[in-house]
Amino acid sequence: MEEQSVHSSISDINSEEAVRSEPMIIPRKKRICLIGAAGDDPALGAAAQQFSVPVLKSETGLEHIEDTSYCTYFILKKFEGPEYDALHKSAHRILGPTALLQLAEKKDSLPSISRPMYTQAMVGTVVVFTGFRKKDELTKLINMIHNMGGSIRKEMGAKVTHLIANCCGGDKYRYAVTFRVPIMSMEWVTALWNAKDDISSYGNNEELIATYKLKPFFGAKVCFFGFPDEEKRHMCEVLHQQGGESTEIDDPNCTHVVVDESNVNALPDLASVRAHIVKAEWFWTSVQNEGAADEKEYLFEDYLESVLSPTISVRRDSQQAATPSTASTRRKRKRLAETLSSLVQNGADSPALHKRRSSISDAGHLSVSGSFLDCTTSPDKPLLDEVEAVNTDSSRKNLSPRHQVFLELVQTESNYVGILSTIMTLFKSPLEDLIDTTGELLNGTEAKIIFGNFPPIYEVHKKMLEELRYSATHWMEDISIGNIFLKFAPDLVKAYPPYVNFFENTKEMLDQCDQNKPRFHAFLKVCQTKPECGRQSLKELLIKPVQRLPSISLLLNDILKHTSKNNPDHSALELSISSIKEVMTYINEDKRKTEGQLVMFDIFNEIDNCPPHLVSSHRSFIGKCDVMELSEGLSGRGDHLVLFLFTDTLEICKKRSKAFNSLKSPNTANGLHTTKLSQGKPYKHIRMLSLSTIKKVVDIRETDECHKVFALMVRSNQELKEKLFSFTITDEEVNKTNYLRTLCRQMANTVCKADADTFLISLDSHQLEIDTSDVALGTLSKAFKFASRTRMKVGRAFSFNKTPSKLKRAMSTMMSPFGSTNSLTPASQQLAQMRLASCNNINELGNGGSGSPSRDDVLVAPMSVQPTRKAKCSSLSMASLRRL
């Protein structure tokens with residue numbers, strides 16, 4: 001109906017013009033006639049003389065209509081009134097004063113035109129209309145365009161220069177978006193007509209085009225579903241800037257529901273709302289292309305279907321075809337959500353994951369997991385299957401430690417080259433292909449600053465990976481790994497310094513373009529939704545080369561440790577490690593004193609018996625978390641530990657209690673004891689875990705009895721069995737979800753993987769048999785064992801002659817599972833010290849003191865009446881956990 005109205009109006013106008021021009025034969029001789037006020041304008045008179053034709057003046061020009069010996073160009077300042085209508089019906093030409101001045105300025109000849117032309121603002125412009133329903137409005141716009149020298153077409157084609165739209169949809173709109181035809185609002189035409197007396201006003205002016213382009217979300221009411229609050233606010237701001245209006249999901253006028261597919265695994269209930277349910281990629285693609293993308297290509301339901309197995313999809317398709325009712329659709333969506341939810345929670349996105357994993361390196365089987373989120377692959381990933389062929393459970397025990405670490409090196413190098421390939425193909429090439437075109441997102445200078453130093457690194461690592469894979473498929477114990485790196489050391493020295501030394505400039509330019517170029521910002525957002533990016537930003541991907549050489553150095557050192565001195569490769573490895581260190585020294589000498597590294601020295605000085613190699617030039621401090629151990633594998637159940645997270649390592653320390661330290665010198669004067677204690681180190685080293693040995697991070701779902709609990713599944717190359725360490729976070733300021741995501745991100749960086757989510761799984765506490773109800777008893781029991789073992793006088797600490805309140809303070813200070821509370825405020829200290837009263841059995845006091853209990857015991861006993869129970873330890877079958 002809409003298109004018929006447009007075509008009818010255009011056809012009527014074209015027919016009228018044909019009828020007017022058909023009977024008359026246009027003579028070749030030309031002359032100019034200035035009508036009315038135009039004859040009194042000296043500028044117009046001067047301009048008319050430039051055409052070297054006779055120039056006449058007349059009040060109405062009607063006396064020259066019948067003279068067909070000349071083609072007369074009537075110059076009128078008003079395109080309305082009875083005189084204009086009479087001249088318009090004649091076979092002569094009508095020009096406005098602006099058109100005459102423009103022609104004279106450009107030294108053009110008088111044009112052969114069939115319609116009046118007031119200005120040349122739209123000469124050469126070919127326009128198509130879409131979305132207009134009012135014929136009068138459309139007719140007015142068409143007359144304006146004709147009077148400015150433009151022309152109209154019914155359908156889109158190669159000659160069409162602009163689409164004037166009143167909606168963001170339809171075939172014509174899709175054509176314009178696809179072929180990058182500017183889509184203009186009707187205000188563009190009216191603005192040009194209002195400036196018809198300005199000889200410098202033209203429709204192809206870039207500023208004018210940018211001002212009056214139809215916004216991609218014109219007329220749209222959009223709801224953002226499932227996004228974090230900060231991201232949602234940002235998207236709402238972009239939506240309003242791009243002509244849309246934000247709304248809620250229950251708004252009956254809602255036109256689009258944009259869903260965050262990374263956080264939502266079920267379709268929203270829109271039974272009462274007829275809206276497009278699309279992925280976030282639709283939103284950012286529309287901003288990038290400056291036109292609403294086709295919703296059919298970004299449907300969220302299609303995304304859900306794409307992550308299911310073909311059999312499920314086929315079965316559901318057949319069910320939907322058989323019963324195409326609304327209830328059936330709801331059931332389909334429910335089943336779809338349940339299936340996806342189980343896939344995400346269990347990590348079992350392919351049947352292969354239910355089998356025992358048998359990779360010699362966790363980096364290996366994490367990178368080739370079946371997760372639909374893990375699509376970062378190197379260009380030659382099929383070749384890696386040849387290496388993975390040796391990763392069988394039976395052959396793993398027969399692999400030498402040297403072979404195991406080498407395969408881990410090959411796997412991380414494969415992941416790294418995959419990331420480099422993603423940067424090249426997904427970001428660099430498309431951006432450079434658009435340079436010097438109408439759709440360019442970056443100019444040549446900006447693209448060179450961001451990507452100019454990147455290709456040499458990609459080329460050298462691609463060649464190096466080929467040789468590493470060849471060595472992996474033709475493995476022998478005396479094969480020379482060091483010679484491979486010695487061969488490429490000169491190329492590494494050439495490739496890395498320019499990139500690393502100018503990386504700050506790269507980040508600065510990237511941030512500047514991201515903030516100042518909305519279409520480039522949208523391009524980055526679209527790419528970030530791609531599976532191969534692992535939802536990482538371009539900035540996060542570009543930092544990978546800065547981190548790669550230190551990682552290679554660590555792996556080569558590990559290989560050297562497992563290479564005997566009789567092996568010919570031993571000396572080559574030493575030389576290759578030295579060459580890698582020389583490269584790092586060369587490019588890092590101005591970057592050693594970073595904030596994270598300075599903090600690292602302070603941490604080292606606070607840890608008793610801390611490994612010296614914790615302090616390293618390539619390592620930086622990330623964050624700290626106070627936890628309580630729920631397992632027995634590190635320090636003991638109920639012990640208070642501190643996790644210091646670095647870029648590639650997790651340092652686990654025991655938090656020393658001042659109360660326990662006081663037992664070592666009970667006769668020491670308070671002042672002297674306090675001085676000694678303040679000089680002691682607050683932490684004791686327990687274990688230093690490389691992040692590459694952490695295979696899975698298990699997020700224990702929250703319950704009333706299980707709060708802020710998580711577990712780590714750990715296995716090094718030398719250990720055949722996995723170990724499970726479980727903790728509960730005691731630091732109230734630490735958000736468990738954010739901490740685990742940060743940990744997984746650092747794990748991914750260590751093994752050069754783009755998608756960190758493959759390291760994180762969620763389970764219920766009963767699946768790991770974790771019990772948090774009696775962890776405090778472990779601390780209390782250890783206190784008495786310690787006192788009994790040292791045979792020291794503990795009368796002051798356990799004096800029953802004190803008042804109940806003093807006894808409570810003494811016990812809480814000495815055995816609080818919350819450790820030292822000196823850093824807390826007085827009120828917080830008292831609260832932390834009082835917590836023990838609700839979870840400990842005071843009857844155990846009889847085992848630690850001498851003599852019968854006094855009546856003070858009776859007064860204190862009501863603090864806790866829990867029966868003693870045996871602590872459970874984490875004992876999930878590792879075979880079951882592997883399948884997760």
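If you go through region 615-640 and keep only what is touching a residue at least 60 places away in the same chain (Cβ under 8 Å), part of a strand (DSSP E or B) and under 27 Å from K753 (Cβ atoms), you end up with I622, G623, C625, V627.
Residue-by-condition table, conditions (1) out of contact with any Pro (no Cβ under 8 Å at 6 or more places or on another chain); (2) touching a residue at least 24 places away in the same chain (Cβ under 8 Å); (3) under 30 Å from L103 (Cα atoms):
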position: S200; (1), (2), (3): yes, no, yes
position: Y212; (1), (2), (3): yes, yes, yes
position: F227; (1), (2), (3): yes, yes, no
position: V264; (1), (2), (3): yes, yes, no
position: H276; (1), (2), (3): yes, no, no
position: V287; (1), (2), (3): no, yes, no
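Within region 526-535, does at least one residue satisfy the condition of being of a type in the set (G, A, S), surrounded by 15 or more Cβ atoms within 10 Å (Cβ to Cβ) and at pLDDT below 90? Checked region 526-535: at least one residue is of a type in the set (G, A, S), surrounded by 15 or more Cβ atoms within 10 Å (Cβ to Cβ) and at pLDDT below 90.
Looking for something touching a residue at least 40 places away in the same chain (Cβ under 8 Å), part of a helix (DSSP H, G or I), closer than 26 Å to E582 by Cα and among the aromatic types (F, W, Y) - is there at least one such residue anywhere in region 521-530? No: zero hits.
Regarding region 133-142, can at least one residue be identified that is over 20 Å from E290 (Cα atoms), in contact with a strand residue (DSSP E or B) (Cβ under 6 Å, 6 or more places away or on another chain) and not hydrophobic (A, V, I, L, M, F, W, C)? Scanning region 133-142, I find no residue that is over 20 Å from E290 (Cα atoms), in contact with a strand residue (DSSP E or B) (Cβ under 6 Å, 6 or more places away or on another chain) and not hydrophobic (A, V, I, L, M, F, W, C), so the answer is no.
Taken over region 153-185, residues that are surrounded by 20 or more Cβ atoms within 10 Å (Cβ to Cβ) and outside any loop (DSSP other than H, G, I, E, B) amount to 10. Based on this model, can you work out whether L87 counts as crowded, with 19+ Cβ neighbours inside 10 Å, in the same structural domain as H64 (by TED's automatic domain parsing), free of Cβ contacts under 8 Å to residues at least 60 places away in the same chain and not in a loop (DSSP other than H, G, I, E, B)? So L87 fits the description; yes. Filtering region 598-614 to residues that are out of contact with any helix residue (DSSP H, G or I) (no Cβ under 9 Å at 6 or more places or on another chain) and in a strand (DSSP E or B) leaves only D608.
Within region 481-501, one or more residues are within 30 Å of P568 (Cβ to Cβ) and not in a helix (DSSP H, G or I).
Scanning region 95-141 for residues that are under 21 Å from A37 (Cα atoms) and β-branched (V, I, T) turns up T98, T119.
Among the residues of region 753-769, how many are touching a residue at least 60 places away in the same chain (Cβ under 8 Å) and part of a helix (DSSP H, G or I)? Of the residues in that region, 7 qualify.
Does L541 satisfy the condition of being within 30 Å of D260 (Cβ to Cβ), crowded, with 19+ Cβ neighbours inside 10 Å and either under 20 Å from the mean Cα position of the chain (by Cα) or not assigned by TED's automatic domain parsing to the domain that holds Q242 (or both)?
Details: within 30 Å of D260 (Cβ to Cβ): yes; crowded, with 19+ Cβ neighbours inside 10 Å: yes; either under 20 Å from the mean Cα position of the chain (by Cα) or not assigned by TED's automatic domain parsing to the domain that holds Q242 (or both): yes.
Yes.
The one condition from (1) surrounded by fewer than 20 Cβ atoms within 10 Å (Cβ to Cβ); (2) part of a strand (DSSP E or B) that K232 does not meet is (2). The set of residues in region 111-130 that are in a loop (DSSP other than H, G, I, E, B) and in contact with a Gly (Cβ under 7 Å, 6 or more places away or on another chain) comprises Y118, T119, Q120, A121, M122, V123, T125. Looking at region 77-93, which of its residues are over 19 Å from A195 (Cα atoms) and hydrophobic (A, V, I, L, M, F, W, C)? Of everything in region 77-93, those that are over 19 Å from A195 (Cα atoms) and hydrophobic (A, V, I, L, M, F, W, C) turn out to be A86, L87, A91. Going by the structure shown, is S579 among the polar types (S, T, N, Q) and over 31 Å from the mean Cα position of the chain (by Cα)? Yes, satisfied.
Please specify each residue of region 441-453 satisfying the condition of being surrounded by fewer than 20 Cβ atoms within 10 Å (Cβ to Cβ) and either part of a loop (DSSP other than H, G, I, E, B) or outside the structural domain of K494 (by TED's automatic domain parsing) (or both).
Taking region 441-453 and keeping what is surrounded by fewer than 20 Cβ atoms within 10 Å (Cβ to Cβ), we get 443-446, 448-449, 452.
N443, G452, listed by residue number.
Taken over region 615-631, residues that are modelled with pLDDT of 85 or more and either under 30 Å from H766 (Cα atoms) or in contact with a Ser or Thr (Cβ under 6 Å, 6 or more places away or on another chain) (or both) amount to 9.
Quick check: is even one residue across region 454-464 free of Cβ contacts under 8 Å to residues at least 40 places away in the same chain, closer than 24 Å to V751 by Cβ, part of a helix (DSSP H, G or I) and among the basic types (K, R)? For region 454-464, residues free of Cβ contacts under 8 Å to residues at least 40 places away in the same chain, closer than 24 Å to V751 by Cβ, part of a helix (DSSP H, G or I) and among the basic types (K, R): present.
Every residue, every condition in (1) under 30 Å from N205 (Cβ atoms); (2) at pLDDT below 90, yes or no:
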position	(1), (2)
C375	no, yes
V387	no, yes
N391	no, yes
N398	no, yes
E408	no, no
Q411	no, no
S421	no, no
T425	no, no
T437	yes, yes
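May I ask you to list the residues in region 645-683 that are at pLDDT 50 or above and surrounded by fewer than 16 Cβ atoms within 10 Å (Cβ to Cβ)? Give the steps one after another, and end with the answer.
Initially, region 645-683 is screened for residues at pLDDT 50 or above, giving 645-658, 679-683.
Correct list: Q679, G680, K681.
Go through (1) in contact with an Asp or Glu (Cβ under 8 Å, 6 or more places away or on another chain); (2) more than 30 Å from N143 (Cα to Cα) and name the single condition P216 misses. It is condition (2) that P216 fails. Do we have D197 as modelled with pLDDT of 90 or more and of a type in the set (D, E) here? Judged against the criteria, D197 is a match.
Among the residues making up region 77-97, those that are within 10 Å of P116 (Cα to Cα) and not aromatic (F, W, Y) are L87, H88, H92, R93, I94, L95, G96.
The values are calculated or read from the model by the stated rules, or taken from the named source; none is laboratory data. Bear in mind the structure is a predicted one, so any value in this text is a computation, not a measurement. Quick reminder, even Gly has a Cβ in these numbers, built from the backbone with ideal geometry, and neighbours come from all protein chains shown.
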